[in-house]
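Just so it is clear, none of the values below were taken in a lab; they were calculated from the coordinates. Keep in mind that what you see is a predicted model, and the values were worked out from it rather than measured. Please note: Cβ atoms are built from the backbone with ideal geometry, for glycine as well, and neighbour counts cover all protein chains shown.
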Amino acid sequence: MHILVSNDDGVYAPGIAALAEAMLPFGQVTVIAPRENRSAIGHRKTMHKPLRIDPASSFPIKGVAAFATSESPSDCVAVALLGFIKEPVDLVVSGINRGANMGQDLTYSGTVSAAFEAVIWHKPAIAFSLVDFSEDADYGPAAAIARQIVGLGLYRNLPPLTLLNVNVPPLPLAQIKGFKIVRQGLRTYNDALISRMDPYGRPYYWIGGEAPSGDMTEEGTDLWATHNGYVSLTPIHLDMTSYALMRDLQAAGVEHLVPGQ
Ligand code: MN
């Protein structure tokens with residue numbers, strides 16, 4: 001088995017080293033990740049400038065081929081699957097992200113977008129995130145969970161355009177209560193627009209504010225599960241169609257309209 005590992009925190013982040021090491025028992029592991037932190041870069045495809053790929057010679061895990069790219073996590077997966085990796089790739093794992101990727105975070109997340117890119121190229125993919133944004137977070141428990149989930153082979157039965165999004169609560173393994181299969185919850189973003197003056201008297205803007213919060217009380221969501229000490233597993237489908245609204249629009253007769261009248 002050949003496993004591709006990527007992330008959005010950068011190739012030298014502790015989470016990706018923990019994940020790459022956790023994948024080693026399953027076979028060959030190749031790491032291709034951004035050179036720098038690309039968190040919240042979304043599903044970016046770099047089209048208007050060249051991509052650079054260099055060996056990540058200081059990658060801390062032995063037995064892993066590691067590369068650093070100049071661009072986004074989804075670019076890393078695309079270049080790997082389009083031929084930078086010569087051998088077939090059987091599974092793409094992304095993470096372990098520093099901080100949660102739950103609810104509407106998925107639209108921002110480079111970690112999850114790396115997994116989106118994989119399923120677009122018909123490869124099974126799992127995104128892993130640790131619900132802990134602190135500098136000294138312990139990735140050990142989340143790495144053990146990642147090894148357990150990949151070892152179970154759940155990725156083999158994923159339908160087309162579907163990935164698995166996993167969030168691990170910030171607890172020692174013995175205190176993690178179990179696993180919950182859950183839907184995306186509802187995030188609240190506490191962003192604030194910071195406006196200051198540059199040295200030349202022109203205003204500049206920076207989106208700051210507090211970390212996102214959200215509804216931890218609605219049962220059956222990723223926010224609820226991790227808040228209560230469970231690992232959350234959420235199957236994510238790339239079909240973003242609202243089927244309910246399709247039916248409403250059809251019922252409203254939109255398809256019988258004469259264009260322009
Ligand atoms: Mn990140």
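In terms of its C-alpha gyration tensor, segment 50-198 has a rounded overall shape, because the principal axis ratio a/c (a ≥ b ≥ c, square roots of the eigenvalues) stays below 1.5. Only DSSP H runs of four or more residues enter the estimate; each adds -39500 (n - 2.57), and after division by the residues of the chain the mean residue ellipticity at 222 nm equals -6000 deg cm²/dmol.
Among rounded, prolate and oblate, which fits the chain when a ≥ b ≥ c are the square roots of the eigenvalues of its C-alpha gyration tensor, a/c under 1.5 means rounded, and a/b larger than b/c means prolate? Cα axes put the chain in the rounded bin.
For segment 50-62, backbone phi angles converted through the Karplus equation (6.51, -1.76, 1.60; θ = phi - 60°) give residue-by-residue couplings of x, 9, 10, 10, 10, x, 8, 5, 9, 4, x, 9, 6 Hz, Gly and Pro being listed as x. Springs between Cα atoms under 10 Å define the GNM used for the chain, and in it the highest mean-square fluctuation of TYR189, TYR12, TYR230 occurs at TYR189. The packing ranking, built from the mean of other Cβ atoms within 10 Å per residue, places the peptides 152-159, 125-132, 249-256 in the order 125-132, 152-159, 249-256, highest first. Sorting 38-48, 91-101, 16-26 by average packing, meaning the other beta carbons within 10 Å per residue, from highest down gives 91-101, 16-26, 38-48.
Ordering 236-243, 140-147, 197-204 by mean Cβ neighbour count within 10 Å, with the highest value first, yields 140-147, 236-243, 197-204.
Were the residues from TRP206 through ALA65 laid out at 0.36 nm apart, the gain over their Cα-Cα distance would be 47.1 nm. With 0.36 nm allotted per residue and the present C-alpha distance subtracted, the ASP138-SER57 stretch has 26.8 nm of extension available. Couplings 3J(HN,Hα) for segment 199-210, derived from phi with the Karplus relation 6.51 cos²θ - 1.76 cosθ + 1.60 (θ = phi - 60°), are x, 9, x, 9, x, 10, 10, 9, 7, x, x, 7 Hz, where x marks Gly and Pro. With a Förster radius of 25 Å applied to the C-beta separation of THR107 and GLN148, the computed FRET efficiency comes to 0.35.
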